[in-house]
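Comments concern the structure below.
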Amino acid sequence: MGFIADSLNRIQPSATIAVSTKARQLKAQGRDIVSLSAGEPDFDTPQNIKDAAKRALDEGKTKYTDVDGIPELKAAIVAKFKRDNGLDYKPSQVSVGTGGKQVLYNALLATLNPGDEVVIPAPCWVSYADIVLLGGGKPVFAETTIENGYKLTAEALDKAITAKTKWFIFNSPSNPTGTAYSAADLKVITDVLVRHPHVWVLTDDMYEHLLYDGLEFATPAQVEPKLYERTLTMNGLSKAYCMTGWRLGYAAGPEVLINAMRKLQSQSTSNPSSIVQWAGVEALNGPQDFIAAHNKIFVERRDLVVSMLNQAKGIQCPKPQGAFYVYPSIKAAIGKTSKGGTVIKSDEDFVTALLEEEGVAVVHGAAFEGSPSFRVSYAASTESLKDACTRIQRFCGNLS
């Protein structure tokens, strides 16, 4: 028997983290690298949130807390769900973890048994499938297409659901595509889920506030109240609140699930940082006006990147309505050879050659179960985006 657990052989390290790490290493070696691989706003955490953390330190709020969140933070989360989503929860229905990823991990590890299936629209965030696999479940991908703006259809969802399906994971706006669903778009999906009462819904709303072009946010339990009793609605502070390094995620759902998640967390990390929790109270209860100001800049960056990438030879780049990613297709580049001599057989070949020859770091589509494509994060300065897109245009222009 080997020393390392067999379960770890079912998963891979995060591809987005791997690319970002490689880009940092190349920069440290003196290479001129523009990294568009990390899903991380370049804006600083708002000052009022930082001040709340400093106050917590000064007031000695540095002790252990309840496993899954202080009462004040749970109250702020309950108020947020009512205010923003029209969803009524009690504090006992709320779980707080060290980032949204832990909340997802807790939910899946606490519920999956060997053979359970989890339906995931693809392309999808890199960690969904691996967490399912780690829990002994089977990810089942419901494919979407660039022609449909990467939106899941009712037909594709219905086809993917079987008697073994335990969860459906839904993410809007989407990482990696930026695809966002209106309430009308979502109603088509929830109608399918109503017909399959054995399927639970895990909705990842991490990019809720990053919506553009007048689109209004909607979440499944809000659109279809019949799903309330089998939906875990997850969110966090990383993206809209520019708190990626603070690590605070939360969710609300049925108490039977929340209790199971708390049990798991009590034997793993225990409580999230006490200081960060008090910062989270301020983030949710404090001023929200900076979000609109940031979104205005994100729209300008999105439009710049979409325009420049669509001018690159062989690239097709849709214009998404949410998050801070674009997900261009490189179907026309497959089979060509780069100036440096790399034969582009896959999107991984494309992004590897792009990094080596032009110094631009992006993430290949295979990491998101959607090829041949790549993900660009436009949560970077306008100057960096212009530079990177110019390099991508040059790289594509040199393919032969």
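Summary of values
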{"read-out": "Count - residues of region 372-400 that are within 18 Å of the chain's Cα centre (by Cα) and within 13 Å of residue 331 (Cα to Cα)", "value": "2"}
{"read-out": "Residue list for region 197-227, filter: over 20 Å from the mean Cα position of the chain (by Cα), in contact (Cβ under 8 Å) with a residue 12 or more places away in the chain and in a loop (DSSP other than H, G, I, E, B)", "value": "197, 198, 199, 213, 224"}
{"read-out": "Of all residues making up region 126-143, the number that are in contact (Cβ under 8 Å) with a residue 40 or more places away in the chain, open to solvent by 20 Å² or more (accessible area, probe 1.4 Å) and of a type outside the set (A, V, I, L, M, F, W, C)", "value": "2"}
{"read-out": "Residues being surrounded by 18 or more Cβ atoms within 10 Å (Cβ to Cβ) and either part of a loop (DSSP other than H, G, I, E, B) or not aliphatic (A, V, I, L, M) (or both) - total across region 245-261", "value": "6"}
{"read-out": "Positions within region 10-19 being touching a residue at least 24 places away in the same chain (Cβ under 8 Å) and open to solvent by 90 Å² or more (accessible area, probe 1.4 Å), in sequence order", "value": "10, 12"}
{"read-out": "Criterion (touching a strand residue (DSSP E or B) at 6+ places or on another chain (Cβ under 9 Å), in a helix (DSSP H, G or I) and either in contact (Cβ under 8 Å) with a residue 60 or more places away in the chain or closer than 19 Å to residue 100 by Cβ (or both)) met by exactly one of 50, 22, 27", "value": "22"}
{"read-out": "Top-ranked residue in region 87-112 [being closer than 18 Å to residue 265 by Cα and part of a loop (DSSP other than H, G, I, E, B); ranked as nearest to the chain's Cα centre (by Cα)]", "value": "99"}
{"read-out": "Filtered residue count, region 123-181, keeping only those that are part of a helix (DSSP H, G or I) and either under 22 Å from residue 227 (Cα atoms) or of a type in the set (S, T, N, Q) (or both)", "value": "11"}
{"read-out": "The one condition in (1) of a type in the set (D, E, K, R); (2) under 25 Å from residue 152 (Cα atoms); (3) out of contact with any helix residue (DSSP H, G or I) (no Cβ under 6 Å at 6 or more places or on another chain); (4) open to solvent by 40 Å² or more (accessible area, probe 1.4 Å) that residue 302 fails to fulfil", "value": "(4)"}
{"read-out": "Complete set of residues in region 311-349 that are outside any loop (DSSP other than H, G, I, E, B) and without any contact (Cβ under 8 Å) to a residue 12 or more places away in the chain", "value": "343, 349"}
{"read-out": "Residue within region 277-287 that is open to solvent by 40 Å² or more (accessible area, probe 1.4 Å) and either under 19 Å from residue 379 (Cβ atoms) or without any contact (Cβ under 8 Å) to a residue 12 or more places away in the chain (or both) present", "value": "no"}
{"read-out": "Residue match in region 208-226 (condition: open to solvent by 40 Å² or more (accessible area, probe 1.4 Å), touching a helix residue (DSSP H, G or I) at 6+ places or on another chain (Cβ under 6 Å), under 18 Å from residue 178 (Cβ atoms) and modelled with pLDDT of 95 or more)", "value": "yes"}
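Results for (1) touching an Asp or Glu at 6+ places or on another chain (Cβ under 8 Å); (2) within 24 Å of residue 147 (Cα to Cα), shown as yes or no for each residue.
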position	(1), (2)
332	no, yes
365	yes, yes
378	no, yes
387	no, no
393	no, yes
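Yes or no, residue by residue, for (1) of a type in the set (Ser, Thr, Tyr); (2) at pLDDT below 95; (3) within 30 Å of residue 8 (Cα to Cα):
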| site | (1), (2), (3) |
| --- | --- |
| 65 | yes, no, no |
| 80 | no, no, no |
| 93 | no, no, no |
| 102 | no, no, yes |
| 110 | no, no, yes |
| 113 | no, no, yes |
| 117 | no, no, yes |
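The values are calculated or read from the model by the stated rules, or taken from the named source; none is laboratory data. Note that the structure is predicted; figures quoted are calculated from it, not measured. Methodologically, a virtual Cβ is constructed for each residue, glycine included, from the backbone with ideal geometry; neighbour enumeration extends over all protein chains shown. Protein only, heavy atoms only, side chains kept; ligands, DNA and RNA dropped before computing areas. Shrake-Rupley method; radii C 1.70, N 1.55, O 1.52, S 1.80 Å.
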